[in-house]
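Notes follow once the structure below has been shown.
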Amino acid sequence: MRTLNGWWQTFSYNYCWPDYVKYIDGWIPKLALTVPVIGYLILFNDKISELFIFTEIANEDTLLFGLSGVQRLRLIYFGLILLGASNFIYLIKKPFHFKFGRNIVDYTRTCLELFSLGDYIQMHGTIRHEGHLTLDGKYYDSEWEGFLNTAKNAGEGTDYVKRDGDWDGAKSKYGGLLRGILRENFFRYDIKRRYWLSLCLLLSTGGYLLMLIPSADLFVKVCISSFSIST
């Protein structure tokens, strides 16, 4: 029981969006978004359905089991509908920080170039107020103060501001600290909206299974037809 609980805690802690992006947002799901627009033209087109009858390769004229061409086409159609729905939900419900990178490496690289001192101050405040979620968020405040002293201009917000801050130098000197804050921030957003992630995975899995059935049906028929011919 302890092993099962340990496995579940590890899984739930690491259950995040980036691990499933290719599954939900691959080229097939992206293409499937067009199915509701043109799908009815395919589904109710007799000439198209005839293309899904494999007389020569699978000898479907003589085999009296399995799917017909129309049934095969319908399964593919509804499979693509589910994949398209999953991809659409992903596009509107994916974590906000994905605009900077869909994995922690791309996100960190992009944010180190784009984020300002104010962005890091805001992230630091969130980490200290809500608590750290990863080891990256458990950094020393003295290191943070050293970064601020290097990056900020003394007297900012007053008439006596001194332009003595070195932003580029601070980023270079405290790069490890900033990367840790960014990784913590990425993870903090990444574990949100996991109910939507689960829905996307459920729809995508259903769609892939529906598309797999016609392929499996055709594979079995080809195997039987080939074996019959050879004997």
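Quick notes
- Elements of type helices (runs of 4 or more DSSP H) contained in region 1-118, each with 1 or more residues being polar (S, T, N, Q), modelled with pLDDT of 80 or more and under 12 Å from the mean Cα position of the chain (by Cα): 69-93
- Scanning region 170-187 for residues that are over 17 Å from residue 110 (Cβ atoms) and either among the basic types (Lys, Arg) or surrounded by fewer than 19 Cβ atoms within 10 Å (Cβ to Cβ) (or both) gives 172, 173, 176.
- Residue within region 147-154 that is modelled with pLDDT of 95 or more and more than 29 Å from residue 92 (Cβ to Cβ) present: no
- Cβ separations smaller than 6 Å between residues 6+ apart or across chains give the following pairs from region 171-187 residues that are farther than 11 Å from residue 151 by Cβ to residues that are of a type in the set (D, E, K, R) and surrounded by 19 or more Cβ atoms within 10 Å (Cβ to Cβ): 180/136; 183/136; 184/136.
The values are calculated or read from the model by the stated rules, or taken from the named source; none is laboratory data. Treat the numbers as computed from the prediction; the structure is a model and nothing was measured. When we count neighbours, we look across all protein chains shown, and the Cβ atoms used for this are built from the backbone with ideal geometry, even at glycine.
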